[in-house]
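Take a look at the structure set out below.
The values are calculated or read from the model by the stated rules, or taken from the named source; none is laboratory data. On a predicted model such as this, the values are computed, not experimentally measured, just so you know. Backbone-built Cβ (ideal geometry, glycine too); neighbour counts: all protein chains shown. Ligands, DNA and RNA are excluded from the accessible area calculation, which covers all protein heavy atoms including side chains. Shrake-Rupley method; radii C 1.70, N 1.55, O 1.52, S 1.80 Å.
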Amino acid sequence: MSSTISPLAPTDVPDMPAIAGVRLATAAAGIRYKGRTDVLLALLDKGTTVAGVFTKSKCPSAPVEWCRARLKSGSARALVVNSGNANAFTGKTGRQSTKLTADTAAKAAGCKASDIYLASTGVIGEPLDATKFNGVLETLARNAAPDRWMDAARAIMTTDTFPKVATARVKLGKATVTINGMAKGAGMIAPDMATMLSFVFTDAPISATALQSLLKSGVEDTFNAVTIDSDTSTSDTLLAFATGAASAHGAPKISRANDPRLKSFAKAFHGMLADLAEQVARDGEGARKLVEVIVEGATSKLSARRIAKSIANSPLVKTAIAGEDANWGRVVMAVGKAGEPADRDKLSISFNGIRVATRGARDPSYDEAEVSAAMKNPTIQIKVALGLGKGRDRVLTCDLTKEYVAINGDYRS
């Protein structure tokens with residue numbers, strides 16, 4: 001957690017309302033950090049449903065494996081998140097740590113260990129001493145309260161410079177339901193679901209299968225369209241919990257994701273995921289520029305996504321943005337190496353709405369002074385028009401600065 005807040009941090013932080021059926025508490029368990037909270041406990045009322053998406057890494061963390069194995073039950077009673085240690089690449093010791101953590105949390109929450117969900121973030125390859133949760137989780141369970149959302153978001157931070165939260169209220173039937181979300185992530189971020197840790201809570205009465213469908217579709221153009229450094233974490237986890245408490249106020253119980261009554265909720269749910277995903281991009285390690293890459297005119301959406309990722313992940317493109325240089329030659333390079341259909345002589349490139357290249361050459365009206373002034377903005381849009389079809393996609397990233405190297409060079413020091 002940095003003491004210097006990213007210049008791209010949102011200026012308006014929402015007031016996070018309570019959600020019936022959710023209580024939160026945080027503590028300093030001494031996992032790795034000194035003088036700050038590093039463990040979160042969220043208690044969930046009986047009847048809470050759960051959905052989740054996880055990293056595609058072939059070397060997943062022990063908590064990811066724990067959650068995957070329990071997700072099929074569709075129910076949850078508590079969530080435990082720790083920062084400072086990812087409990088990844090820790091072998092049998094890591095699996096024992098997850099079991100001990102879940103057993104300790106289950107005792108504190110008064111439920112089965114199979115209803116406990118876990119997430120860990122931090123250093124990879126170091127054993128997690130789960131005995132540090134002894135006594136801590138019991139105290140957290142006693143002190144949990146419905147209004148600790150900002151504390152919760154801070155407790156899960158690692159190299160983040162600000163807590164990432166979002167909230168929405170929307171009609172479901174005759175009732176108004178609430179959706180709250182939090183996320184952490186600033187480095188080791190690539191679009192391969194979920195690109196960080198994120199947790200979403202609602203009082204809407206939605207079945208686990210419907211919630212899973214909403215989550216799976218919602219991440220594709222939000223969290224899966226964010227990249228900081230092209231590196232997919234071992235610990236990527238996005239969990240959604242629905243307590244169902246709003247049914248007492250007239251909210252209908254939803255069992256299918258295509259239920260027409262869910263339309264407004266689905267839109268708000270997607271908007272929250274998009275909000276949190278953008279906050280992750282805004283907090284990229286060392287970032288000074290938020291970069292939106294738009295590719296249009298591709299042969300398909302998938303092709304556009306691959307080309308956009310090639311641009312967004314290019315160190316040469318990202319360092320040019322950091323230097324406020326509209327180096328469209330590097331964008332051409334990234335398009336060409338993507339391995340997707342592209343025609344050099346049909347290609348057009350714009351920076352912040354100013355076309356700099358067209359039809360395979362520099363734009364005849366190119367004005368260096370105009371483009372240089374545009375590149376000083378804190379947000380940069382790179383638009384590539386391929387002229388081949390109707391495929392379009394969008395990816396968010398940030399620039400690559402000296403601070404990124406410094407942060408990651410010192411990460412384990």
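Couple of notes before you dig in:
- Which listed residue is over 27 Å from THR93 (Cβ atoms), crowded, with 24+ Cβ neighbours inside 10 Å and touching a residue at least 60 places away in the same chain (Cβ under 8 Å), from PHE162, PHE201: PHE201
- Which numbered condition ILE31 misses (of (1) among the β-branched types (Val, Ile, Thr); (2) open to solvent by 30 Å² or more (accessible area, probe 1.4 Å); (3) in contact (Cβ under 8 Å) with a residue 40 or more places away in the chain): (2)
- Pairs where the first residue, in the range 344-365, is within 13 Å of ILE380 (Cβ to Cβ) and the second is part of a loop (DSSP other than H, G, I, E, B), C-beta under 7 Å, 6+ apart: PHE351/ALA326; PHE351/MET375; ASN352/ASN377; VAL356/ALA326; VAL356/ASP363; VAL356/TYR366
- Restricting SER120, SER57, SER61, SER83 to residues that are of a type outside the set (Phe, Trp, Tyr) and open to solvent by 10 Å² or more (accessible area, probe 1.4 Å) narrows the list to SER57.
- Checking each residue in the range 267-281 for being open to solvent by 10 Å² or more (accessible area, probe 1.4 Å) and either farther than 21 Å from SER6 by Cα or of a type outside the set (Gly, Ala, Ser) (or both) picks out LYS267, ALA268, HIS270, GLY271, ASP275, GLU278, GLN279.
- Of all residues in the range 38-54, exactly one satisfies the criterion of being touching a helix residue (DSSP H, G or I) at 6+ places or on another chain (Cβ under 8 Å) and open to solvent by 50 Å² or more (accessible area, probe 1.4 Å), namely ASP45.
- Test for ALA42: is it modelled with pLDDT of 95 or more and under 27 Å from PHE162 (Cα atoms): yes
- The condition (being within 18 Å of TRP149 (Cα to Cα) and among the β-branched types (Val, Ile, Thr)) is satisfied by just one residue among THR232, THR243, THR237: THR243.
- Qualifying residue in the range 195-216 (condition: part of a loop (DSSP other than H, G, I, E, B) and modelled with pLDDT under 95): yes
- From the list SER217, SER264, SER230, the one residue that fits, being open to solvent by 40 Å² or more (accessible area, probe 1.4 Å), hydroxyl-bearing (Ser, Thr, Tyr) and without any contact (Cβ under 8 Å) to a residue 60 or more places away in the chain, is SER217.
- Scan the range 370-406 for residues that are within 16 Å of SER350 (Cβ to Cβ) and either without any contact (Cβ under 8 Å) to a residue 24 or more places away in the chain or out of contact with any helix residue (DSSP H, G or I) (no Cβ under 7 Å at 6 or more places or on another chain) (or both) and the total you get is 11.
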